[in-house]
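First up is the structure itself, then whatever we jot down about it.
The values are calculated or read from the model by the stated rules, or taken from the named source; none is laboratory data. Not measured: the values here are computed from a predicted model. Virtual Cβ from ideal backbone geometry, glycine too; neighbours counted across all protein chains shown. In case anyone asks, the SASA skips ligands and DNA or RNA and just uses the protein heavy atoms, side chains included. Shrake-Rupley method; radii C 1.70, N 1.55, O 1.52, S 1.80 Å.
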Amino acid sequence: MWMLARWVLLLIAVWLILTAGNLASWLIGLPFIAIAILLKPSTEERPELPSPLINIIAVLQFGYFFTIESLRGGIDVSRRVLARQTRTDPVFYSYSMQLKLPQAQQIFISCISLLPGTLCADVNSNRLKIHTLDRQTDTTKGIKRLESLVAKIFGEAY
């Protein structure tokens, strides 16, 4: 019961912040808060999953990699857009993801687009469909490095 009360208070607080306390907004807010409470999954129905331990050193390594690759990706795309003649040779290819934890998979898939000229276009189980702007760029190396760093964060053997 205490968890439900905390959930209701959290929803009310979020609504107040989003609407700057506008009283007229409660005509919309109250029904949506009620719906959110009714649709909230019960914690009693599902067993508590152990939260994975996170490797702090790996998080720092990932942060460095993320920063460098984000800068490289931004510079690469900027150069392509600003060039007189667009240099692209796009290609899709398939990549088999080795990560097992859903949290690790989500972070990995979300971060693929930080690599220069790449994005994850489709996910089918552990198979990813990767799009890259230039087939001459070795994106597989960067994707494997990214997956390795994410695996280290969550302590997955890779």
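Things worth noting here:
- Summed over the stretch 146-157, the residues that are among the charged types (D, E, K, R) and either at positive phi or touching an Asp or Glu at 6+ places or on another chain (Cβ under 9 Å) (or both) give a count of 0.
- The one condition from (1) surrounded by fewer than 17 Cβ atoms within 10 Å (Cβ to Cβ); (2) in contact (Cβ under 8 Å) with a residue 40 or more places away in the chain; (3) of a type in the set (S, T, Y) that T132 does not meet is (1).
- Scanning the stretch 70-80 for residues being touching a Lys or Arg at 6+ places or on another chain (Cβ under 9 Å) and open to solvent by less than 60 Å² (accessible area, probe 1.4 Å) gives a total of 1.
- Residue ID - most open to solvent (accessible area, probe 1.4 Å), chosen from residues in the stretch 81-129 that are among the aromatic types (F, W, Y) and closer than 20 Å to A151 by Cα: Y95
- Screening L27 on (1) under 26 Å from the mean Cα position of the chain (by Cα); (2) open to solvent by 100 Å² or more (accessible area, probe 1.4 Å); (3) modelled with pLDDT of 75 or more shows it passes everything except condition (1).
- Look at (1) without any contact (Cβ under 8 Å) to a residue 60 or more places away in the chain; (2) surrounded by 12 or more Cβ atoms within 10 Å (Cβ to Cβ) and you find that F154 fails only one, number (1).
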